[in-house]
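The values are calculated or read from the model by the stated rules, or taken from the named source; none is laboratory data. Values in this document were obtained by computation on a predicted structure and should not be read as measured data. Here the Cβ positions follow ideal geometry from the backbone for every residue, glycine too, while neighbour counts run over all protein chains shown. Quick note on the areas: whole protein, heavy atoms, side chains included, nothing else; ligands and nucleic acids left out. Shrake-Rupley method; radii C 1.70, N 1.55, O 1.52, S 1.80 Å.
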Amino acid sequence: MTETSAAPAPGLRERKKQRTRSALIDAAFDLFLAKGYEATTIDEIVAAVDVSQRTFFRYFAGKEDLAVSVMRAYDQLFLELLAARPTEEPPIAALAATINGVFDEVRRSGDDHARFAKVRDLIENNPALAMAQLRYFNELEQEMASILARRMDVELATDLRPTLVAATFLTVMRVAFEGCAREGLFQPDEVAARVEEVFAMASETLPRVWSGG
């Protein structure tokens, strides 16, 4: 049997690009939290990293794109983990295991841990970015529904259940995130605990409310 070789490590050029992108994100969030999102300019962000605006726009379309890019990266990880879950798992169990997997990944990385707290603090306390995240949730819902439809072996165009499950799950996440924001809870462990709490509440409450019990 031929052994599967490990994926090659990123080359020097790719590692440099990753470092530049991370430096821009970290500098931007430090400025956003210190000065405010609206008051921070792209000139200030690039000056903090000592790169040009041209370099900034190689990575991001603008401030909003940068601000939501961290959560989009987590969402992409979520979709990849969901697609890899065992097909015999019920949809809700697969979603619960997947979001726990995302939080586990955040905990394993010190940089991601700090970045997660900053991005949640910023998005939940900035109406423009909160709206941007809601718009992105619509795209995420469709991607989730497509994965769930494949897992459930149904056609998304004719079966509404995958979309309903995806929309319900994202509503649970939104309620959990908003609750954390109200209480000033932004650390990954705090957010994970609240998500688990709201998830359990939904599992217990929704069936009774739906049936009028």
Going from most exposed to least, what order do Asp43, Asp121 have by accessible area with a 1.4 Å probe? Asp43, Asp121
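In whole percent, and with a 1.4 Å probe on the protein chains, what portion of the accessible area of the stretch 66-213 is carbon and sulfur? Numbers along the way, then the final one.
Working: 4280 of 7710 Å².
Accessible surface attributable to carbon and sulfur in the stretch 66-213 totals 56 percent.
How large is the accessible surface per residue of the chain, computed with a 1.4 Å probe and reported in Å² as a whole number?
Accessible area per residue, the chain: 58 Å².
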Inter-label distance, nm, simple model (7 Å from Cα along the C-beta direction), Glu38/Arg58: 3.3 nm
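Scaled to the compact-protein estimate 2.2 N^0.38 Å, what is the alpha-carbon radius of gyration of the stretch 163-213, rounded to two decimal places?
Working: Rg = 12.0 Å, N = 51, 2.2 N^0.38 = 9.8 Å.
Normalised Cα radius of gyration, the stretch 163-213: 1.22.
Keeping every protein chain in place, order Ile42, Ile25 by accessible area at 1.4 Å, biggest value first, i.e. largest first. Could the numbers behind the result be given before it?
Values: Ile42 35, Ile25 5 Å².
Largest to smallest exposure gives the sequence Ile42, Ile25.
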How big, on average over all directions, is the shadow cast by the Cα convex hull of the stretch 54-213, in nm²? 10.9 nm²
Cross-link reach list, lysines versus Lys118, counting only Cα pairs under 17 Å and skipping chain neighbours closer than eight places: Lys35, Lys63
Just name one of Ala28, Gln187, Leu134: the one whose Cα is farthest towards the positive end of the charge dipole of the chain (beta-carbon charges, Lys/Arg +1, Asp/Glu -1). Ala28
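Let me have the relative contact order for the chain, percent, based on Cα pairs under 8 Å that are six or more residues apart. Write out the running numbers ahead of the final one.
On the way: 156 pairs, mean separation 37.9, N = 213.
Dividing the mean separation by the residue count of the chain yields 18 percent.
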Tell me the net charge near Gln76. Cut-off is 12 Å between Cβ atoms, Gln76 excluded, with +1 for each Lys or Arg and -1 for each Asp or Glu. -4
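For Glu14 and Ala157, what is the calculated FRET efficiency with R₀ set at 35 Å and r taken between the beta-carbons, to the nearest 0.05? Don't skip to the answer; put the middle values down first.
Values: r = 39 Å, r/R0 = 1.10.
Efficiency for this residue pair is about 0.35.
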The chain - mean residue ellipticity at 222 nm from DSSP helices (-39,500 (n - 2.57) per run, n ≥ 4, rounded to 500): -26500 deg cm²/dmol
